[in-house]
Amino acid sequence: MAHKFEIYKDKGGEFRVRFKYNSEVIFATEGYKAKASAQNAIDSIKKNGPDAPVEDNS
């Protein structure tokens, strides 16, 4: 699979999510104290992301 979500612990001990495409990090989230909160972020992105509008501020 060329793309994936990855949950990891940062140096401060918080859980973060990053989205990778072909091993390149496309985006990362804020830190969460609970792993379940990181999973909730993934679920929210999957649910709401496909319909998100694009805002061009250029």
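Any chance you could give the angle, 0 to 90 degrees and rounded to 10, that helix 35-48 forms with the longest Cα principal axis of the chain?
Taking the Cα atoms of the chain, the angle to 35-48 is about 10 degrees.
Residues of segment 3-26 with amide nitrogen under 19 Å from the 7 Å Cα-to-Cβ point of VAL54?
Zone members listed by number: 21, 26.
Sticking with the crude label model, points 7 Å out along Cα→Cβ, report the distance from LYS47 to ALA28 in nm, one decimal please.
It is 2.6 nm.
Give a quick list of trypsin sites (Lys or Arg not before Pro) in the chain that DSSP marks as loop, anything other than H, G, I, E or B, with at most 11 other Cβ atoms within 10 Å.
LYS11, LYS33
Report the one residue of GLY49, ILE26, GLY13 whose Cα lies farthest in the direction of the positive end of the charge dipole of the chain (charges on C-beta: Lys and Arg +1, Asp and Glu -1; origin at the Cα centre).
Of the options given, the answer is GLY13.
Please state, to two decimals, what the Cα-based radius of gyration of the chain comes to when divided by 2.2 N^0.38 Å (N = residues).
Rounded to two decimals, the normalised Rg is 1.23.
What FRET efficiency, computed as 1/(1 + (r/R0)^6) with R0 = 35 Å and r the Cβ-Cβ distance, is obtained for ALA36 and ALA2, rounded to the nearest 0.05?
The computed FRET efficiency comes out at 0.80.
Values in this text are rule-based calculations from the coordinates and carry no lab data. What you see is a predicted model; the values in this text were computed from it and never measured. Positions of Cβ are generated from backbone atoms using ideal geometry, with glycine treated the same way; all protein chains shown enter the neighbour counts.
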